[in-house]
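The values are calculated or read from the model by the stated rules, or taken from the named source; none is laboratory data. These figures come from a predicted structure and were not determined experimentally. Every residue, glycine as well, gets a Cβ built from its backbone with ideal geometry; the counts of neighbours run over all protein chains shown. Calculation scope for accessible area: heavy atoms of the full protein, side chains included, ligands and nucleic acids excluded. Shrake-Rupley method; radii C 1.70, N 1.55, O 1.52, S 1.80 Å.
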Amino acid sequence: MINLPNCNEKMIQVTDVTGRIFTGIAETEPADYCFHEYGRDEEAIKVCNYIIYSSDIREIRLLPELEIIRATETWQQAGAYYVRIQAMAKKHHIPLRAEFDEHDGPETKYIIVTDHDFPIATARMYPINEQSMMIGRVVVLPEYRHRGIGTMVVDACEEWAEDLRYLKTVVESRDNKVEFYEELGYEVTGEMKDGETFRCIRMEKTL
């Protein structure tokens, strides 16, 4: 029997009965709340805006070794650069001059995820107008993929953008990641365009 309340506000990894994996800070929902809000009379756990009901959970793991960081210091930002070099620039033969562009500046904000203090995932954010924040360079080290960590990174960016009072987040999604962002609530608002390395399309989400 899984005791969901014991997971509240802890870093967890949930595997549901279909094999999907969700990683993030847990928010538990009692059965009466779920019945009132969703019409389903059982406990649930919320991870990165996904609701997973107790009967749909195969396994829950506590992951105290993982930490989400809003990188404000140089050593933290260096972790973001490390992940991008290892998982993107090196893999796709992207020159450093192209990987680190004019949007990597003093005003840029970075999220990193660490595992035992080692950087494993990152994203960057910068404002494009008074209401909209661009999220980009969402990268997870290959050995940590398919565990819901990319979703956790985007969710952390959205929370930070909300805290800064932005109303919308924008991504330039690679053509093979459109479905991923659609699952997170993003809608296509532009045309597919060829970039220097990838084909990308603009997508937006109202916070």
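Figures for the structure shown
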{"item": "Farthest toward positive dipole pole in the chain [+1 Lys/Arg, -1 Asp/Glu at C-beta], among 49, 34, 200", "result": "200"}
{"item": "Value of [θ]222 nm, deg cm²/dmol, for the chain, DSSP H segments ≥ 4, -39500 (n - 2.57) each, nearest 500", "result": "-6000 deg cm²/dmol"}
{"item": "Probe 1.4 Å - accessible area at residue 88, Å² to nearest ten", "result": "20"}
{"item": "Euclidean distance between Cα centres, segment 172-207 to segment 82-123, Å", "result": "19"}
{"item": "Lysine pairs within the chain, Cα separation less than 28 Å, 8 or more sequence positions apart or different chains", "result": "24"}
{"item": "Net dipole in debye of segment 146-189 [+1 Lys, Arg Cβ; -1 Asp, Glu Cβ; about Cα centre; nearest 20]", "result": "120"}
{"item": "Accessible surface of residue 33 - all protein chains present, 1.4 Å probe, nearest 10 Å²", "result": "90"}
{"item": "Percent carbon-and-sulfur accessible area, segment 1-108, ignoring ligands, DNA and RNA, probe 1.4 Å", "result": "50"}
{"item": "Local electrostatic count, residue 35, Cβ distance below 9 Å [Lys/Arg +1, Asp/Glu -1]", "result": "-3"}
{"item": "Ranked order, 201, 51 - accessible area, probe 1.4 Å, largest first", "result": "51, 201"}
{"item": "Accessible solvent surface per residue of segment 71-126, calculated while the other protein chains remain in place, 1.4 angstrom probe, Å²", "result": "54"}
{"item": "Given 11 as the ceiling on other Cβ atoms within 10 Å, longest exposed-site-free region of the chain for GluC sites (Glu not before Pro) in DSSP loops", "result": "131-190"}
{"item": "Per-residue SASA entry for residue 41, accessible area with 1.4 Å probe, Å² rounded to 10", "result": "110"}
{"item": "Between 0 and 90°, nearest 10: helix 149-163 axis offset from the chain longest Cα axis", "result": "80"}
